[in-house]
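Quick notes on the structure that follows.
The values are calculated or read from the model by the stated rules, or taken from the named source; none is laboratory data. Not measured: the values here are computed from a predicted model. Here the Cβ is made from the backbone with ideal geometry for all residues, glycine too, and neighbour counts use every protein chain on show. Areas reflect the complete protein model, heavy atoms only, side chains present, ligands, DNA and RNA absent. Shrake-Rupley method; radii C 1.70, N 1.55, O 1.52, S 1.80 Å.
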Amino acid sequence: MDASQPIHPDTLLTSHEVGVLLQLNASTVVKWVNDGILPAYRTAGGHRRIRSADLLAFLKEQGMFVPKQLRGAGPRKVYMVDDDKGLLTSFSRAMRTYKDKIDLTTFDSGIEALLRIGADRPDSLILDVNMPNLDGYEVLKRIKENEVTKAIEVIVVTGTTDTDVEKKMVALGARAVLKKPVAPADIVELVTTDRNPFATAE
């Protein structure tokens, strides 16, 4: 394990590696596991392995310091903006399956979302195109023009088959443009990987 690199949520750590991260003796980690307060898995050889996302949750529950390498091991903070309240409700329900990977907050107004995005700075934004008052184009444009929010990745979802929409959104800074209906699993894969699994080869 490279102690200077961010740790992926599904990385399995040894008791020794956890001890190094937290700057404490591995025997303390073993005690946490034996006491049942820190989840751990056993390999075929009987060795303990601790999932980094479980370690992060444990540290937060105990009010302990979280090493910077672990800060990306928790769920990705994702905002979703769509004026279809029914869609937001059903999508939120479906995303509960992935709650260990995605922390989803929904908005039915682009204006409301922009106000929160500036303060909270989520990792990703799932953005509908056609919305009243402030449409997806304007929301995306404002996010990318703002120094505070421009690094937020934006995934556009649309019900239109117009290729000009996709080109315009990508030109404005969208990471990907997906056609509705969008499967929750596709969103999870996209926001938890560095590469775009939906990109087409040139």
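So for the stretch 1-114, averaging the separation of alpha carbon pairs under 8 Å that are six or more residues apart and normalising by length, what relative contact order in percent results?
Reported relative contact order: 25 percent.
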Accessible-area ranking of Arg51, Arg116, Arg42, largest first, probe 1.4 Å: Arg42, Arg116, Arg51
task: Take Ile117, Ile111 and sort them by solvent-accessible surface of the protein heavy atoms, 1.4 Å probe, largest at the top.
output: Ile111, Ile117
- line: Carbon/sulfur accessible area of the stretch 36-110, % of total, 1.4 Å probe, equals 48 percent
query: What is the magnitude of the charge dipole of the stretch 89-148 about its Cα centre, with +1 placed on the Cβ of each Lys and Arg, -1 on the Cβ of each Asp and Glu, and no other charges, expressed in debye to the nearest 20?
result: 220 debye
- prompt: Any idea of the accessible area per residue across the chain, 1.4 Å probe, to the nearest Å²?
  reply: 56 Å²
- prompt: Residues with amide H under 5 Å of Leu178's amide H, sequence separation 5 or more or different chain, H placed in the peptide plane at 1.01 Å from N; which?
  reply: Val156, Val157, Thr158
- request: Please give the helix 52-61 orientation as an angle from the longest Cα principal axis of the chain, in degrees from 0 to 90, rounded to the nearest 10.
  value: 80 degrees
query: If one computes the Cα centroid of the stretch 5-57 and of the stretch 94-148, what distance in Å separates the two points?
result: 34 Å
Estimated vicinal HN-Hα couplings, Hz - the stretch 113-130 in sequence order (Karplus 6.51, -1.76, 1.60; Gly, Pro = x): 4, 4, 4, 7, 4, x, 7, 8, 6, x, 6, 9, 10, 9, 10, 6, 8, 8
- request: Search the structure for amide H atoms under 5 Å from the amide H of Arg51, placed 1.01 Å from N in the peptide plane, and list their residues when 5 or more places away or on another chain.
  value: Leu13, Tyr41
